[in-house]
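Below are the structure tokens for one structure; questions will follow.
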Amino acid sequence: MEQVKCECGHVNPIGTVLCEACGKPLEEVPVLLDMRYEGSARRSQTYNKTIIDKIWNFFSSVKVGVWLIVITLVASAIGTVYPQQMYIPPTVSPAEYYEQQYGLLGKWYYALGFHDLYSSWWYMLLIALIGVSLVICSLDRVVPLYRALNNQRVTRNEQFLQRQRLFSRAKVEHDETAWRNIVDKLTKRGYRVREENGNILAEKGRFSRWGPYVNHIGLIIFLIGAMLRFVPGMYVDENMWIREGEMKEIPGTNGKYFLENQKFIFEVYEKETEKEAFQAAIDRIGSGMMAKNYQTDVVLYERIGPVVAGEEPKLKKIKSFSIRVNEPLKHDHYALYQVDFKLDELKSMSFHLTDKQTNKSFGTITIDLIQPEKEYDLGNGYKVQLLSYFPDFYFDENGNPNTRSKVPNNPAFVFKMFAPDRPKGEVSFTAIRQTIEPLGNNKYKMAFAGIETRNVSALTVRRDFTLWILGIGGAIFMIGLIQGMYWNHRRVWIRRINDEVLIAAHTNKNWFGLKKELEGIFHDTPFVMPIDQADNRS
Amino acid sequence: MVQLSSTLLYIAFVLYLIATLFFGGAIRIKKKEGIDRWATIGIFVTIIGFVAQLGYFITRWIAAGHAPVSNLFEFTTFFGMMLVGAFIVIYFIYKTSLLGLFTLPIAILVIAYASMFPREISPLIPALQSDWLHIHVTTAAAGEAILAISFAAGLIYLIRVVDQSKPSKRTFWLEFVLFFLISTLGFVIVTTSFRVAGYEATFDWIDKNGKQDEMVYHMPALVGPHEGVLKTEERMKPLVDMPAIINARKLNTVIWSLFAGLALYGLFRLVLRKRIAAALQPLVKNVNLDLVDEIGYRSVAIGFPVFTLGALIFAMIWAQIAWTRFWGWDPKEVWALITWLFYAAFLHLRLSKGWHGERSAWLAVIGFAIIMFNLVAVNLVIAGLHSYAGS
Ligand code: HEM
């Protein structure tokens, strides 16, 4: 590698602007030195030949980085103009929805992919480019910066000193006690003071220079964590609907865990029961209109023994828990969240087998609407067969009864009723508030006798092994941020040249703080407080 | 307790007004012997006001049983309080009374604006029943308030440096910013006036799903709801109806506020006979520009980590607990991300491109606009999971 030797004897890498050791400018520089990265030799400023150089230089430019950030920012904003696809009703087709709701703009919004912006390839690409830029940018600077700070010498070149923003030069009698006094004061304020040939370098807060690099590392770890989401097995996201009294395998656990829903509770704020302070708000919104609690009381079971097809699993109770919003049930890295519910789903329906004329009843049957039986025997020669069952009944386009789903929203039945005097049976189609006798007039009917309902709860099953990586990334980011923002790197150089004393000072931020500190140090001493040379610029 | 709480907030509000006058006086009066009595009184009154508002916060917390940051009124008032708190801290670092003259009126506007929304203490819906609500919202508001100090500093900088001798793009945009502040005042005045007058007009209208509904206006309807039929007698008929996807009542309020802002602005211009910024310029003529620039940067440097912690990290932790995922691209989250990206860009521009001084001041103004957009427009217009029950 080519190198540049400074007159002070230090050998610098090519591209160095200010000698790493003594600070002498090795190139033409402005009157006030640009102290970013200590004028060290950055790869991006030095090489520009191969394609790799060019890519490196592209990404190491903060200008490019800022552009990437700004483009991401603007794109993100556009993504909030209309709701994202995940927030529109799941039953409608997005292609129609956006046009219907938002007209021509909505149509274009959809056509350009803004309806699903944040998982679009180009949005991800933007984020990835920011990541790449971050890495290259940091590497480009941190290594030379480290070299420069490590090689700096106490005695600095005169030009380096007088081109610092804070600088003074004055004739000062040599006075050992005054000199020691300064050293003392600097040390008291936390400076590490180094002396060499009667010159001083006082430095503090150098570690804050690494703040940006630490925070960039944190960001990178966070981005990597976010990408791991797509690695199989890292992430489970399932939904389960579970009825009161039901026991179900928890999806996403490979048959390992089972859940029993004992009860679902929905509570609202009611005027009578809430404290005085809430009355006005409840009055405005309406008593009973505001949700207070969604809760599913569950029991968690674990399967013991291997999974055997067709065999009932052997279960061991693990714990009882009340799952509420903000209080998920956690076990073995899984978390179960309360997300939705349905009140009063039909559970069962009862009917009396009745003589239409006399209204005499010959027994009652209760049909489980999830698992109805084929036949209900009432004794004494009376029985009822269930020929067909439509849990969610409607008439299809051919006028035939059909079902929309397996959920008993609107159950209908085709019964065959047997009695001692009707040994061949009579057929009746029975739905809610509706009876059809397809084969002529019947003697008997199924008279509605009541329903039972229960609540259904929806839970989300989640296991996310990326969380701890995200946590570490976030923590490192915060540490770096605080390190770089709440501390600053301050240096004071004092050099005696013949009968003159040169004082220069530099900080990477918070000049105001540095100046105040220097006033405290040089006040009442023979030395002259450095003045801000930037002040007389304008 | 509830009564005490409101009284304390009212006291704080009045004290902030008084403190502003003192800070104004501090600019006019020549400094004697380095001690500036007016500014000392100003900061003293500010601190008492802050303590009173803290009292409001604590008593309301006790009354409600949860930290009062759960609806738009509470959150915005808290933001105002943090703004004053941030100012007090910065004042003791930099001792610039001018900053008080600009920050306190902004805080006063923020609190007045907040008071236009329903003020009752409301019980918490299940999603908000979490300690993370308090932790996330208070830290985020504190971060935003510290960042907002850079706006005050930026405004001072711009009023000082923008050349008022001839109209230009810069004078236009500076007036534009001031006009917005004045419109907030307009909003407060219009809302209060119609409220005092007890104005109410009910409409039947058809929502976007084709269902008929009712909408009550508290201001004369300049724009009416979709296929709206006025049901209250002797009320103004709207000039136009809005399509169903637009919330006509909110738009109506915005239009009224802008009109009121325009009227006030016009009035000021008539009285002053020059641009508002030009009229304010003498106030800031002695300011040390480098110092103001540094205050702006410093407040971003201090506020950015706080904002990151509150608005992103704590928000993610809470979202993971409450909504099963730490990030859901809901508009409020996205706008927090946008704010964060913006200030990151700000810091990088300052570091590498040397965007100091006036450019930096403009950026601080834009940053504040983004924060306000997130606070106001995203809550009221782009409803998401976070949308508070306000109207
Ligand atoms: C959203 C992503 C980013 C965040 C949150 C971020 C954050 C930060 C912060 C807080 C600082 C310290 C600023 C100061 O002290 O005033 C910083 C410095 C820096 N950032 Fe970033 N950054 C991001 C992206 C980038 C990118 C994409 C690049 C590359 C082009 C980059 C390059 C730098 C450089 C070169 C510094 C200065 C380092 C120094 O002072 O020695 N950053 N960054």
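The values are calculated or read from the model by the stated rules, or taken from the named source; none is laboratory data. Owing to the predicted nature of the structure, the values given are computational and were not obtained by experimental measurement. Reconstructed Cβ throughout: ideal geometry from the backbone, glycine too, with neighbour counts over all protein chains shown.
Enumerate the pairs (first residue in segment A:60-86 and more than 8 Å from every other protein chain (Cβ to nearest Cβ) and in contact (Cβ under 8 Å) with a residue 12 or more places away in the chain; second residue anywhere and buried (at least 21 other Cβ atoms within 10 Å of the Cβ) and in a loop (DSSP other than H, G, I, E, B)) with beta-carbon separation below 8 Å, excluding pairs fewer than 6 apart on the same chain, so at least 6 apart or on different chains.
A:S60/A:R42
Name the single residue that is farthest from the chain's Cα centre (by Cα) among those in segment B:320-364 being away from the ligand (no atom under 11 Å from the Cβ) and of a type in the set (S, T, Y).
B:T324
Could you list all residues from segment A:126-155 that are farther than 22 Å from A:N510 by Cβ and basic (K, R)?
A:R147, A:R153
Name the residue, out of A:I479, A:I469, that is touching a residue at least 60 places away in the same chain (Cβ under 8 Å), within 16 Å of the ligand (Cβ to nearest atom) and within 13 Å of chain B (Cβ to nearest Cβ).
So the residue among A:I479, A:I469 that is touching a residue at least 60 places away in the same chain (Cβ under 8 Å), within 16 Å of the ligand (Cβ to nearest atom) and within 13 Å of chain B (Cβ to nearest Cβ) is A:I479.
Residues are listed down the side, and each one gets a yes or a no for (1) among the hydrophobic types (A, V, I, L, M, F, W, C); (2) in a strand (DSSP E or B):
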site	(1), (2)
A:V407	yes, no
A:F413	yes, yes
A:F418	yes, yes
A:T435	no, yes
A:L439	yes, no
A:A447	yes, yes
A:E452	no, yes
A:A458	yes, yes
A:I472	yes, no
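Give just the number: which of (1) within 16 Å of the ligand (Cβ to nearest atom); (2) in contact with a Gly (Cβ under 7 Å, 6 or more places away or on another chain); (3) not aliphatic (A, V, I, L, M) does A:R209 not satisfy?
All conditions pass for A:R209, except number (2).
Follow-up. Within segment A:511-523, is there a residue that is assigned to a strand (DSSP E or B) and more than 16 Å from the ligand (Cβ to nearest atom)?
Looking for residues that are assigned to a strand (DSSP E or B) and more than 16 Å from the ligand (Cβ to nearest atom), one finds none in segment A:511-523, hence no.
Does segment A:231-243 include one or more residues that are touching a strand residue (DSSP E or B) at 6+ places or on another chain (Cβ under 7 Å), under 30 Å from B:I302 (Cβ atoms), away from chain B (no Cβ under 12 Å) and not hydrophobic (A, V, I, L, M, F, W, C)?
no
Looking only at residues that are among the aromatic types (F, W, Y) and more than 14 Å from chain B (Cβ to nearest Cβ) in segment A:113-157, which one is nearest to A:S44 (Cα to Cα)? If you could, list the steps in order and put the result at the bottom.
Taking segment A:113-157 and keeping what is among the aromatic types (F, W, Y), we get A:114, A:118, A:121-123, A:146.
Next, only the ones that are more than 14 Å from chain B (Cβ to nearest Cβ) stay: A:121-122, A:146.
Numbers: A:W121: 29, A:W122: 27, A:Y146: 16 Å.
This residue is A:Y146.
If you go through segment B:272-295 one residue at a time, do you hit one that is more than 25 Å from B:F87 (Cβ to Cβ), more than 16 Å from the ligand (Cβ to nearest atom), more than 14 Å from every other protein chain (Cβ to nearest Cβ) and without any contact (Cβ under 8 Å) to a residue 40 or more places away in the chain?
Yes, that holds for at least one residue.
Quick check on my filter: what residues within segment A:120-145 are among the small types (G, A, S), out of contact with any Phe, Trp or Tyr (no Cβ under 7 Å at 6 or more places or on another chain) and surrounded by 16 or more Cβ atoms within 10 Å (Cβ to Cβ)?
A:S120, A:G131
Please state which one of B:A140, B:A145, B:A114 is closer than 30 Å to A:K292 by Cβ, crowded, with 24+ Cβ neighbours inside 10 Å, among the hydrophobic types (A, V, I, L, M, F, W, C) and away from chain A (no Cβ under 14 Å).
B:A140
A follow-up question, please. Please indicate, with yes or no, whether at least one residue in segment A:485-495 is in a strand (DSSP E or B) and under 30 Å from A:N261 (Cα atoms).
If we filter segment A:485-495 for residues that are in a strand (DSSP E or B), which is where we start, we get A:490-495.
Now drop any that are not under 30 Å from A:N261 (Cα atoms), which leaves none.
Checked segment A:485-495: no residue is in a strand (DSSP E or B) and under 30 Å from A:N261 (Cα atoms).
Any chance segment A:293-304 includes a residue that's more than 8 Å from chain B (Cβ to nearest Cβ), modelled with pLDDT of 85 or more and loosely packed, with under 12 Cβ neighbours inside 10 Å?
Yes, some residue in segment A:293-304 is more than 8 Å from chain B (Cβ to nearest Cβ), modelled with pLDDT of 85 or more and loosely packed, with under 12 Cβ neighbours inside 10 Å.
Of the residues A:N441, A:N455, which is away from chain B (no Cβ under 13 Å), surrounded by fewer than 15 Cβ atoms within 10 Å (Cβ to Cβ) and either away from the ligand (no atom under 16 Å from the Cβ) or of a type in the set (F, W, Y) (or both)?
Numbers: A:N455 fails: surrounded by fewer than 15 Cβ atoms within 10 Å (Cβ to Cβ).
When all the criteria are applied, what remains is A:N441.
Among the residues of segment A:402-429, which ones are surrounded by 19 or more Cβ atoms within 10 Å (Cβ to Cβ), within 16 Å of A:K383 (Cα to Cα) and not aromatic (F, W, Y)?
A:M417, A:A419, A:S428
Can you tell me which residues in segment B:303-319 are more than 10 Å from the ligand (Cβ to nearest atom) and either at the interface with chain A (Cβ under 7 Å from one of its Cβ atoms) or basic (K, R) (or both)?
Correct list: B:L309, B:I313.
Now for a different question. With segment A:9-113 as the region, which helices (runs of 4 or more DSSP H) entirely inside it contain at least 3 residues that are within 16 Å of the ligand (Cβ to nearest atom), surrounded by 15 or more Cβ atoms within 10 Å (Cβ to Cβ) and at pLDDT 85 or above?
Working: elements: A:43-46, A:51-59, A:62-78, A:94-111.
Here the list reads A:62-78.
Does A:A226 satisfy the condition of being hydrophobic (A, V, I, L, M, F, W, C), away from the ligand (no atom under 16 Å from the Cβ) and outside the structural domain of A:L145 (by TED's automatic domain parsing)?
Spelling it out, it is not the case that A:A226 is hydrophobic (A, V, I, L, M, F, W, C), away from the ligand (no atom under 16 Å from the Cβ) and outside the structural domain of A:L145 (by TED's automatic domain parsing).
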